[in-house]
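Undergrad: The structure is given below, and queries will be raised subsequently.
The values are calculated or read from the model by the stated rules, or taken from the named source; none is laboratory data. On a predicted model such as this, the values are computed, not experimentally measured, just so you know. Virtual Cβ from ideal backbone geometry, glycine too; neighbours counted across all protein chains shown.
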Amino acid sequence: MAWDTLVIRWWQRILIPIALFSLFICLIWTFGGTGVHPATTLLASKDSSLRSFLSAPSASSTRPSWHGDAFTQAVKSLYDPILHPITAPNYTDDANTYYITGEPMYTTSFGKRLLVLDIDTRPMTDDGQVRSQNVHWPGMEPMAAGFLSHYLYAIIHGYDYRFVRAPEYPDRHLTWAKVPMLRDALKEYEFVVFLDQDAMFHRPHIPLEWLMNHWNHTSETSLMVAKDPDNPHNTDSNGNLFWNTGFIIAQNSSRLHELFDAWIECPRDTTSPGCSHYAYNWPHEQGALRTFIQQGLFNRSEDIHPVPCAEANGSPWTLDSDGAGCGGVFVRHFWTNGKPHPPEELAENVMHYFVQQLHESFLTQGQHVFADVSGQNEPKRR
């Protein structure tokens, strides 16, 4: 077997498990003894407890925060030297360069003004799920990898993070639960970012502020969502391409609260006759947003700003199936053929940076760890 093949296999079998095992154990430990840190996850779904949960700590930087423990500081120390600058004019990845047009809107980190919010109606306590005692590597459950990647992203950039178990509403599909939870979170934060459990930031060293600059987010932008692949089955009866709510950037404003109120009311047919079709029929809240909300009262360009499918949807495993080139440059959404791959993506989130810095340390410490004695022609005598 070739030497380079042996090295690669050694790296895969030794380095990756060590680094990821350490990371996963610490992430789960940070979540708390029962699988959940009390300041990170909400089990109750009553409005009063939700408001209390989301406002403790508030967006104020003077309030206590879960980012103060040793592990989260160690993670930040790992990523801080290689964070992509918020105001960088471009970013190059896989030989493709992406640009910010004009002057960047955002120049400093949002910090605790931004919440990364996970929402699910399930308890997530079954063996292998993120709130259980047993999250394993290898063989990690894909949903756990997705949730932990969101938590990791918040740690890296100093954003706030919450995981809310939402109620199951009797008049609509489970996927609708994200809408009222997002609305309530926006009462406490300037920005709220939501990702489905199978959506992940592909390059977690890129701050959300840079992405928002790249996507031309402004102070007037209420909602950002990813476009769906441009295929006939992703359009409504009027030919409008659906937008995917598996990745949402929401900015607090009175206009956005009105939008969310209309969105929540939509499947009841009181303000949007016909919207009840999407109460249980695919694509649920996504169809309601595109067909009724965006085509109705919230049709200003700044109300809902779609971002390119190629950059914020799909994954390499869905490129062949979607036919629209949605490979997830910045945000990957692992639907269809991509469903099993979030653990692999989380491994990439860690090892892509760990190996870089491990190698840099090796080179920096060269005089202490490396000696070149290749010029000796024969063994020295004692």
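Undergrad: Which of the residues that make up region 284-301 are part of a loop (DSSP other than H, G, I, E, B), closer than 29 Å to ASN213 by Cβ and in contact with a strand residue (DSSP E or B) (Cβ under 9 Å, 6 or more places away or on another chain)?
TA: Passing the criteria: GLN294, PHE298.
Undergrad: Here is a follow-up. Just give me the residues in region 76-97 being of a type in the set (S, T, N, Q), over 18 Å from ASN349 (Cα atoms) and out of contact with any Ser or Thr (no Cβ under 6 Å at 6 or more places or on another chain), in sequence order.
TA: Of everything in region 76-97, those that are of a type in the set (S, T, N, Q), over 18 Å from ASN349 (Cα atoms) and out of contact with any Ser or Thr (no Cβ under 6 Å at 6 or more places or on another chain) turn out to be ASN96, THR97.
Undergrad: THR271 passes all but one of (1) of a type in the set (S, T, N, Q); (2) over 18 Å from GLY246 (Cα atoms); (3) modelled with pLDDT of 95 or more; which number fails?
TA: (3)
Undergrad: Scanning for something crowded, with 20+ Cβ neighbours inside 10 Å and touching a residue at least 24 places away in the same chain (Cβ under 8 Å), does region 273-282 turn up at least one residue?
TA: The answer is no, given that none of the residues of region 273-282 is crowded, with 20+ Cβ neighbours inside 10 Å and touching a residue at least 24 places away in the same chain (Cβ under 8 Å).
Undergrad: Same structure again: What residue, among those in region 49-86 that are at pLDDT 85 or above and either among the charged types (D, E, K, R) or within 24 Å of LEU182 (Cα to Cα) (or both), is surrounded by the most Cβ atoms within 10 Å (Cβ to Cβ)?
TA: Applying the filter and picking the extreme gives LYS76.
Undergrad: Would you point out the residue of region 319-343, among those that are within 23 Å of the chain's Cα centre (by Cα) and exposed (fewer than 15 other Cβ atoms within 10 Å of the Cβ), that is farthest from ASN234 (Cα to Cα)?
TA: It comes out as PRO340.
Undergrad: If you scan region 165-189, which residues turn out to be surrounded by fewer than 24 Cβ atoms within 10 Å (Cβ to Cβ), outside any helix (DSSP H, G or I) and either in contact with a Leu (Cβ under 6 Å, 6 or more places away or on another chain) or not aliphatic (A, V, I, L, M) (or both)?
TA: Of everything in region 165-189, those that are surrounded by fewer than 24 Cβ atoms within 10 Å (Cβ to Cβ), outside any helix (DSSP H, G or I) and either in contact with a Leu (Cβ under 6 Å, 6 or more places away or on another chain) or not aliphatic (A, V, I, L, M) (or both) turn out to be ARG165, PRO167, GLU168, TYR169, PRO170, ASP171, ARG172, HIS173, LYS187, GLU188.
Undergrad: Go through (1) more than 30 Å from ARG51 (Cα to Cα); (2) part of a loop (DSSP other than H, G, I, E, B) and name the single condition TYR106 misses.
TA: Result: TYR106 passes all but (1).
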